[in-house]
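Remarks on the structure that follows.
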Amino acid sequence: MSERISIVERILSSNDKLAEENTARLDASKVLAVNLMASPGAGKTSLIEQTLPLLAEQLRVAVIDGDIATSIDADRASAAGAKVAVQINTGGECHLDAVMLQQALTQIDLSTVDLLLVENVGNLICPAEFRLGTHQSVLIASIPEGDDKPYKYPGMYRGVDALVINKIDLLPYIDFKMDYFQRGVEALNPGLVTFPLSCRTGEGMQTWIDWIVQLVRE
Ligand code: MG
């Protein structure tokens, strides 16, 4: 058992080293990278689809999509106007790691990009444990998932820099107690910047866009 634990620690520390290399590489090309994490169906790809056209006149955006299989998400990002969209198939792994990001970065001319959106594999557990070397981590929650998720997945909610609450257009139809949800978030990640929005109606999107543009400008 102790041997097993020490091996896992070695894997994690070599991942951290590679993550630092990724950050250095992104910094050298002045690319801001954002790691988008969520459970399956929360709207990671939809958020990317709605975000790309709103940034088109201001920023050059590349997208890296992680999924266990298919290139559906990279195809959607491409169709929505990504300068380049790279699909990573993890072949069963429940998360992206720094090696996968490093390989995907070799397929992008970073000198032509201002912002890199990385869509992680849909999962609220594993992606939180593997640093990629991105500058910001954003969690996308959604109303149909239920208001208890901060309580059930504290590791994910604790580690992120911003929170999108998607599908707020469904609030009238779903028993989601926003107060209860936000109390859970506040206990884990006090003052977390939060964007309630709807990718379907566009409500709240502009505040999210302004935040991203501000990050890149800084
Ligand atoms: Mg997706």
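The values are calculated or read from the model by the stated rules, or taken from the named source; none is laboratory data. All of these numbers come straight from a predicted model, not from anything done at the bench. Counting neighbours? That spans all protein chains shown, and the Cβs are built from the backbone with ideal geometry, glycine included. These accessible areas exclude ligands, DNA and RNA; they are computed on the full protein's heavy atoms, side chains included. Shrake-Rupley method; radii C 1.70, N 1.55, O 1.52, S 1.80 Å.
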Consider a paramagnetic label point 7 Å from the Cα of ILE68 along Cα→Cβ; state which residues of segment 122-160 have an amide N under 11 Å from it.
122-123
Take the alpha-carbon centre of segment 15-53, take the same for segment 146-218, and report the distance between them in whole Å.
17 Å
Please state, rounded to one decimal and in Å, the Kirkwood hydrodynamic radius that the chain gives when every pair of distinct Cα atoms enters the mean of 1/r.
17.7 Å
Considering only protein heavy atoms and a 1.4 Å probe, what is the carbon-and-sulfur percentage of the accessible area of segment 74-156?
45 percent
Which whole-number percent is the relative contact order of segment 44-108 (Cα, under 8 Å, 6+ apart)?
33 percent
So what is the calculated 222 nm ellipticity per residue for the chain, using -39500 (n - 2.57) for each DSSP H run with n of 4 or more, over all residues, to the nearest 500 deg cm²/dmol?
-12000 deg cm²/dmol
Could you state the accessible area per residue of the chain in Å², with a 1.4 Å probe and every protein chain left in place?
48 Å²
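For the chain, what's the relative contact order in percent, using C-alpha pairs closer than 8 Å and at least 6 residues apart?
24 percent
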Tell me, in nm to one decimal, what length is gained between ASP175 and VAL213 on full extension, where the rule is 0.36 nm per residue of separation less the Cα-Cα distance?
10.3 nm
To check you understand DSSP bridge types, tell me what percent of the beta bridges within segment 2-217 (both residues inside) are antiparallel, rounded to 5.
0 percent
Among the listed pairs LYS17/LYS83; LYS17/LYS44; LYS30/LYS167; LYS83/LYS149; LYS44/LYS152; LYS83/LYS167, which are separated by more than 24 Å between their Cα atoms?
LYS17/LYS83; LYS17/LYS44; LYS30/LYS167; LYS83/LYS149; LYS83/LYS167
